[in-house]
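The values are calculated or read from the model by the stated rules, or taken from the named source; none is laboratory data. From a predicted model like this one, the values you see are computed outputs, not experimental measurements. Cβ coordinates were reconstructed from backbone atoms using ideal geometry, including for glycine residues, and neighbour counts include every protein chain displayed.
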Amino acid sequence: MILDSINEPADLKGLTLPQLAQLAAEIRSRIVTTVDATGGHLASSLGVVELTIALHRTFKSPLDKIVWDVGHQSYAHKLLTGRRERFSTIRQHGGLSGFTDREESPHDPFGAGHASTSISAALGMAIARDLAGESYNVIAVVGDGSLTGGMAFEALNHAGHLGTRLIVVLNDNGMAISPNVGALSRLFSRLRLDRRYYRAREEASHVVTRLPRTHWLQLIGGRIKKGVKGMIIPSMFWEELGFTYIGPIDGHDLAELEATLAQAGEYDLRPILVHVVTKKGKGHRPAEDDAVGFHGVSPNQGKKVNTLSYSEVFSQTVLRLARENPKIIAVTAAMPEGTGLSLLADEFPERVFDVGICEQHAVTFAAGLATHGFIPIVAIYSTFLQRALDQIIHDVCLQNLPVIFAIDRGGIVGEDGKTHQGTFDLSYLSFIPNLVLASPKDESELQHLLNTAVRANRPFALRYPRGSGSSVLLSEVWQELPIGKGEVLRGGEDVGILAIGVTVAPALEAAHRLAEKGIECTVVNARFVKPLDSSLILDVARRTKRVVTVEENALWGGFGSVVVDLLDSSHITDLRVERIGLPDEFVEHGSQEVLRAKYNLDADGIAQRVISSFPELIPSKEEKR
């Protein structure tokens, strides 16, 4: 196999075009086989195989800097940059990251897991190069989906203003995770599908090459080419931004790719954009036919799962609520399928808004809706909602507007790793005035809390985990839960375990195991981080004098910190408190089960922490007799 002989990008240089075509097929086969076993981002990486080969044959990584937007399209890049032998470990605990990672390889000049960052980072590298008097190339590879993000436009605007040498490769496949939205996406679609451009470009080039080589005729020839482009791209979009535009070119034609990238590498007058058209999922028919479904896949995709995920329960609940209340509107940032809103969009398309990769806009857009009596539900993954913190504070909570934040993927997400772990939301939301912050113990309670949020008439954040829960029976009749009130699930006088969200079930199981050792625990489903059920928590603390908080969130500023602040102000004597949660670090990739065990967030870990924190509770041998 040719792939087995590629240990670094330099090994690509001597290969012929037929050998490169075979290499591309081998790369696709290795990606499909590996992702089937480990899960991962399949369709996006399959679409850029030829582009990746061409980039590494044209440029000299790591001297030249290739910055991959999001990083989920970097699997072929990893295979060609010395990580082939470890590729089977991708997304596994202790293995390769599913995204680019500076700590993993010098060929990853910038780590990424969120969209729309590559042009900003690449521009910073280009200016750093200029200031140091160096001359290497900097290339940002960005998908057309990422260009729906405002940050990408800010970077393009700044790059055009500075005019420094920078190459932006636009990987245009017409798809982000879900179909792209917005005017720019429509422009790309128009260009991608318009045969007039290709035909006119060829005819114009043919005419120009036949003109005599005099200065004024060459000038006319250039204007002919520019005029053809202007017919298809209104107002010369990229040129107006300060970029020289090349394309569109076939992203699966290696010869054309290499020739174009080589030309771009030699251009030093101003930033250049290379428009490459690719097919997401290329070379794997299931992924070509269903690019959304095969964007991110689970191991052995297609295996039947009998339990509903939290996202599916959210989807069904919102649909039923929307049928009952026409004021409910749903907003998402390029994730209608992932957040479960596609079901609602099928029935009420006029009440579901996908704003693209624009989390900041999504939140303020929802705030505007709320000022006119609507009830917006903003469904965004925890790790992506971080991008809109100012809008949550300034545009929603400061004005006390009834916007509901449905925060999917809260807590440990798993194999997607540190860029996607939703481990900070309880911390970055708990300090905001006016905001209710809740997390359900199971899928049924998610229904009740959503019902409560819709009726609360105030800002309300509802955080729930990835995957399936405890498979409890869903409720036919939904309650309106009292805001700020928890519930006692089990009584005991030795220890009070206060748990929130997904940690409630293992905390309850830990209490059962501790009871077998003679340690009786009160277990509280706190439900609300804000407002806290202060009276319930203080009552448990006074009775047990030993309190353990459990959360799948960073300990700094999280649920446990809020409880400790409450207990400190109560001046309860002889009180001892232990907090179980995530330490002050970014959580690496690995399965949810492995990571929860690592951080003592499963039943065994919680029970052991109780015993190690309060060893006096273990009955002596004399007492056992």
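Do we have any residue at all in the stretch 156-164 that's surrounded by fewer than 16 Cβ atoms within 10 Å (Cβ to Cβ), touching a Lys or Arg at 6+ places or on another chain (Cβ under 6 Å), modelled with pLDDT of 55 or more and more than 23 Å from Ala259 (Cα to Cα)?
Yes, because at least one residue in the stretch 156-164 is surrounded by fewer than 16 Cβ atoms within 10 Å (Cβ to Cβ), touching a Lys or Arg at 6+ places or on another chain (Cβ under 6 Å), modelled with pLDDT of 55 or more and more than 23 Å from Ala259 (Cα to Cα).
Would you confirm whether any residue within the stretch 94-108 is within 18 Å of the chain's Cα centre (by Cα) and of a type in the set (Val, Ile, Thr)?
Yes - at least one qualifying residue is present in the stretch 94-108.
Can you report the number of residues in the stretch 444-465 which are charged (D, E, K, R) and either surrounded by fewer than 23 Cβ atoms within 10 Å (Cβ to Cβ) or at pLDDT below 95 (or both)? Steps first, please.
Step one: of the stretch 444-465, the residues charged (D, E, K, R) are 445, 455, 458, 463.
Okay, now just the ones that are also either surrounded by fewer than 23 Cβ atoms within 10 Å (Cβ to Cβ) or at pLDDT below 95 (or both), so 455, 458.
Selection size over the stretch 444-465: 2.
Cβ-Cβ distance below 7 Å, separation of 6 or more or different chains: which pairs start in the stretch 470-498 with a residue that is closer than 14 Å to Val548 by Cα and at pLDDT 95 or above and end on one that is assigned to a loop (DSSP other than H, G, I, E, B) and not acidic (Asp, Glu)?
Pairs found: Asp494/Ile519; Val495/Ile519; Val495/Phe614; Leu498/Ala526.
Checking Leu147 against (1) outside any loop (DSSP other than H, G, I, E, B); (2) surrounded by fewer than 19 Cβ atoms within 10 Å (Cβ to Cβ), only one condition comes out false. Which one?
(2)
Here are some residues: Thr383, Thr419. Which one is closer than 22 Å to Arg596 by Cα, of a type in the set (S, T, N, Q) and part of a loop (DSSP other than H, G, I, E, B)?
Values: Thr383 fails: part of a loop (DSSP other than H, G, I, E, B).
Going through Thr383, Thr419 in turn, just one is closer than 22 Å to Arg596 by Cα, of a type in the set (S, T, N, Q) and part of a loop (DSSP other than H, G, I, E, B): Thr419.
Among the residues of the stretch 34-43, write down those that are modelled with pLDDT of 85 or more and closer than 18 Å to Leu80 by Cα. Let's see the steps before the verdict.
Pass one, the stretch 34-43, residues modelled with pLDDT of 85 or more: 34-39.
Scanning the stretch 34-43 gives Thr34, Val35.
Can you tell which of Val548, Val488 is under 25 Å from Tyr599 (Cα atoms), more than 34 Å from the chain's Cα centre (by Cα) and part of a strand (DSSP E or B)? Quick ask: steps written out before the conclusion?
Working: Val548 fails: more than 34 Å from the chain's Cα centre (by Cα).
Result of the check over Val548, Val488: Val488.
I'm told Thr573 meets every condition in (1) without any contact (Cβ under 8 Å) to a residue 60 or more places away in the chain; (2) among the hydroxyl-bearing types (Ser, Thr, Tyr); (3) under 30 Å from Asp416 (Cα atoms) except one. Can you identify the failing condition by its number?
Result: Thr573 fails condition (3) only.
Can you tell me which residue is surrounded by the fewest Cβ atoms within 10 Å (Cβ to Cβ) among those in the stretch 29-72 that are basic (Lys, Arg) and either assigned to a strand (DSSP E or B) or touching a Leu at 6+ places or on another chain (Cβ under 7 Å) (or both)? Break it down into steps so the answer makes sense when it comes.
Restricting attention to the stretch 29-72, the residues satisfying the condition of being basic (Lys, Arg) are 30, 57, 60, 65.
Within this subset, residues satisfying the condition of being either assigned to a strand (DSSP E or B) or touching a Leu at 6+ places or on another chain (Cβ under 7 Å) (or both) are 30, 57, 65.
Details: Arg30: 19, Arg57: 21, Lys65: 22.
Among them, the one singled out is Arg30.
Report, ordered by the first and then the second residue, all pairs with beta carbons closer than 6 Å, sequence separation of six or more or different chains, a first member in the stretch 412-436 that is in contact (Cβ under 8 Å) with a residue 12 or more places away in the chain, and a second member that is of a type in the set (Ser, Thr, Tyr) and in a helix (DSSP H, G or I).
His420/Thr383; Gly422/Ser382; Gly422/Thr383; Asp425/Ser382
Starting from the stretch 524-539, take each residue that is in the same structural domain as Ile497 (by TED's automatic domain parsing) and farther than 22 Å from Pro465 by Cβ and list its partners that are modelled with pLDDT of 95 or more and surrounded by fewer than 16 Cβ atoms within 10 Å (Cβ to Cβ), counting only C-beta distances under 6 angstrom and pairs at least six apart or across chains.
Note: pairs meeting the criteria are Ser534/Leu566.
Mind checking which helices (runs of 4 or more DSSP H) fall wholly inside the stretch 193-286 and carry at least 1 residues that are assigned by TED's automatic domain parsing to the domain that holds Ser45 and at pLDDT below 85?
Working: elements: 195-210, 215-232, 237-240, 254-266.
By residue number, 195-210, 215-232, 237-240.
Of the numbered conditions (1) without any contact (Cβ under 8 Å) to a residue 60 or more places away in the chain; (2) more than 15 Å from the chain's Cα centre (by Cα); (3) within 25 Å of Gly486 (Cβ to Cβ), Gln391 satisfies every one except a single condition; which is it?
The one condition Gln391 does not meet is (3).
In the stretch 22-40, which residues are among the charged types (D, E, K, R) and over 22 Å from Leu12 (Cα atoms)?
First, pick out the residues of the stretch 22-40 that are among the charged types (D, E, K, R): 26, 28, 30, 36.
Scanning the stretch 22-40 gives a single hit, Asp36.
Kindly list, by first and then second residue, each pair from a residue in the stretch 600-611 that is surrounded by 18 or more Cβ atoms within 10 Å (Cβ to Cβ) to a residue that is aromatic (Phe, Trp, Tyr) and modelled with pLDDT of 95 or more, limited to pairs with Cβ atoms under 9 Å and residues at least 6 apart or on different chains.
Taking only residues 6 or more apart or on different chains, the pairs are Gly605/Tyr599.
Take the residues in the stretch 573-598 that are part of a loop (DSSP other than H, G, I, E, B) and aliphatic (A, V, I, L, M), then tell me which one is nearest to the chain's Cα centre (by Cα). I'd like the intermediate steps shown before the answer.
If we filter the stretch 573-598 for residues that are part of a loop (DSSP other than H, G, I, E, B), which is where we start, we get 573-575, 583-591.
Restricting the remaining residues to those that are aliphatic (A, V, I, L, M) gives 575, 587.
On the way: Leu575: 40, Val587: 15 Å.
The extreme case among them is Val587.
To keep it simple, each residue is scored yes or no on (1) on the phi > 0 side of the Ramachandran plot; (2) among the hydroxyl-bearing types (Ser, Thr, Tyr); (3) touching a Ser or Thr at 6+ places or on another chain (Cβ under 8 Å).
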{"residue": "Ala333", "(1), (2), (3)": "no, no, no"}
{"residue": "Asp346", "(1), (2), (3)": "no, no, no"}
{"residue": "Gln360", "(1), (2), (3)": "no, no, no"}
{"residue": "Ile377", "(1), (2), (3)": "no, no, no"}
{"residue": "Thr383", "(1), (2), (3)": "no, yes, yes"}
{"residue": "Asp390", "(1), (2), (3)": "no, no, no"}
{"residue": "Asp408", "(1), (2), (3)": "no, no, yes"}
{"residue": "Val413", "(1), (2), (3)": "no, no, yes"}
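Among the residues of the stretch 48-68, is any among the aliphatic types (A, V, I, L, M) and touching an Asp or Glu at 6+ places or on another chain (Cβ under 8 Å)?
Residues of the stretch 48-68 that are among the aliphatic types (A, V, I, L, M), as a first pass: 48-49, 51, 53-55, 63, 66-67.
Filter once more, keeping what is touching an Asp or Glu at 6+ places or on another chain (Cβ under 8 Å): 54.
Yes, some residue in the stretch 48-68 is among the aliphatic types (A, V, I, L, M) and touching an Asp or Glu at 6+ places or on another chain (Cβ under 8 Å).
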